[in-house]
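Heads up: the structure comes next, in structure tokens.
The values are calculated or read from the model by the stated rules, or taken from the named source; none is laboratory data. This one's a predicted model, so the numbers in the text were calculated from it and none came from an experiment. Note: ideal-geometry Cβ built from the backbone for every residue, glycine included; neighbour counts use all protein chains shown. What goes into the accessible areas is simple: the full protein's heavy atoms, side chains included, and nothing from ligands, DNA or RNA. Shrake-Rupley method; radii C 1.70, N 1.55, O 1.52, S 1.80 Å.
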Amino acid sequence: MAEKKWILILSLTFIIAVSQVHHLYMGELTSIMLEKLQQWRKPFNNGGKNLAIGPNLTACHSSYGRPDLLVYCCPPGFQNPVPFTDFKFPDTSPVRVRRPAHLLNESFIAKYNKALSIMKSLPYDDPRSFHRQANLHCQFCTGAYEMLNSSGSELNIHRTWMFFPWHRMMIYFHERILGSLIGDDTFALPFWAWDIPDGMTIPDFYVDKSSPFFHSQRDFSHFPPRVADLDYSPDDNDPRFDRKEQTETNLAFMYNRMVSGAKKTELFMGCTYKAGDKNCDSPGTIESAPHNTLHTWIGSGLNPGREDMGKFYSAAKDPVFYAHHSNIDRLWEVWRDINDRKLDIDDSDWLNSFFLFYDENLNLVKIKVTDVLDITKLGYSYEEVDRPWLNHRPPPSVPPEQARRITNLKQNENPVFSSDFRRVLDGKLTVTVNRSVKREKVDEEETVVVYGIVVRGNEYVKFDVYVNLSDDTKMNPKFREFAGTFAYIPGGGRGGPNLKKMKLKLGISELLKDLKADEDESIWVTLVPRTTSCSNVSIEGIKIEYIK
């Protein structure tokens, strides 16, 4: 049997070599053959299996933009394989410097205006057109494509460790296309610096109704001077805080998302997602919020899913999407920097996973995750800005000794649920979670895991999580009891409403230390619904896990 496989391998290798010699490169067909070759070879080498992810570009289908809305965003002619080339690093001189959008001068805005106007004028059959660029997000973020070599498995990059690298690829090619349309190889996308006080409003040029940056499908009540709410819920009809307090809350929230809640790779990057995997559905800190929350904050409240930004199938139709994701991309670099690159992923399946994009020269390019890990090689950088959230480690809302007396009294008067339960989140829920399993090593991160989360319905869902909450009037990310949030944008897939079971993992080691609860045998975990749609959410339970 082994001899027959080696004969087949040699035969395939010969066919591919001959096709290249005669310049008959067959695009996706060749890719499939190479992928098969790699899978067949590995069992002889190390008993392993190639579980890298890649799209089957000839298997595109209608998908659900919302659980109640079927959309079709497949590119024209997708049924026929298109020749592609492997990615090559660009000439890195000059370096494209991405600057904060609120600091751009009139000259750059005029240049960007011209590039975007040209892009919007291109016909739909041109992959560089704005409409086709926007549909990329729909294709890869709603399950329109199937995975290559994994029949029937939908490919969706959200709520997984593909979130950061795929979006980096998308805006990289988008940026280069814009620059080429105006003949400027220095052009760089701006980033919306919503994590620093001066950048927390939508940049002014995006709300200029006479410019191509304006988009009608937005919540106009959130235009400047309104400060963005990074922990936003659409059921908060009026601002929860004044400008100063909202800014302070945002900074404390960013500390949670970038530092205390992101001390391990999985917590920041999202869950492991490999070929054929249908169980990965646990986003990293930044993806859940402020990524999802700001998508929802910008989208129009007049639309059922707060489209356009409020839904993944339509989000990239809004020009501010690209500035939003440029900042997401920057924060990935910042997180890597503050952790000295020690938490970078070295899994070969992740590194070898690939996607395909059209470049500025209308070439279809196959680009791997490993190709986008060094932005210096990609020829761009970010202008340095302050990181004020690094200094916003939140204090306990109540002195820990006083809080312990309050919680003990409350528990005696009104006992809370144990962590073994199954119920609908139709109101605030407090459970006692046992910590009898202690961490084995000092560097292990303790996490609260809310598991078996099932969302029914079409609406955005958000609930916050607190630990040892003693004062209900201080449910705010500014206080140490705040452990994190679940912010979910429904939609995606070809099977209608998404009833997959999801997980929420929140790092709490630093939090417990600050609350002087790190030696306690159990903790209180409180789930606080932030949207009325939480009545459509069921949860199986809450437990403690440790991440090495």
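Key figures
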quantity	calculated
Length gained when the stretch N361-E540 is fully extended (0.36 nm per residue, less Cα-Cα span)	59.4 nm
Whole-Å distance, taken between Cα centres, linking the range 318-338 and the range 517-545	29 Å
Cα-only radius of gyration and Dmax that characterise the range 283-415, units Å	21.3, 70
Heavy-atom accessible area per residue - the range 400-547, 1.4 Å, Å²	44 Å²
In nm, spacing of pseudo-spin labels at T432 and D340 (7 Å Cα→C-beta vector)	4.2 nm
Segment E444-V82, length gained on full extension (0.36 nm per residue, minus Cα span)	125.6 nm
The range 181-266 - accessible surface per residue (Å², probe 1.4 Å)	37 Å²
Heavy-atom surface of the range 300-392, accessible at 1.4 Å and reported per residue (Å²)	36 Å²
Portion, in percent, of the accessible area of the range 300-416 that falls on carbon or sulfur, probe 1.4 Å	46 percent
Mean residue ellipticity (222 nm) of the chain, computed from DSSP H runs ≥ 4 via -39,500 (n - 2.57), nearest 500	-9000 deg cm²/dmol
Extension gain (nm, one decimal) between Y451 and E519, 0.36 nm per residue minus Cα-Cα	22.1 nm
Whole-Å semi-axes of the range 400-547's equivalent ellipsoid (Cα gyration tensor)	27, 18, 14
Euclidean distance between Cα centres, the range 426-487 to the range 152-177, Å	28 Å
Computed P(r) (all Cα pairs; the range 161-275; 5 Å bins; percent)	2, 9, 13, 15, 19, 17, 14, 8, 3, 0
Compactness of the chain - radius of gyration and Dmax, Cα, Å	24.1, 82
Given charges at beta-carbon only (K, R positive; D, E negative), |dipole| of the chain in Debye	980 debye
Long pairs among K368/K505; K342/K501; K114/K317; K274/K513, criterion Cα-Cα beyond 24 Å	K368/K505; K342/K501; K274/K513
Simple spin-label estimate for K548 and V95 in nanometres, 7 Å along Cα-Cβ	3.7 nm
Relative contact order, percent, the chain [alpha-carbon distance under 8 Å, six or more residues apart]	19 percent
Fraction of accessible area attributable to carbon and sulfur, the range 205-282 (%, probe 1.4 Å)	46 percent
A59 long-range amide H proximity, modeled H, under 5 Å	E146
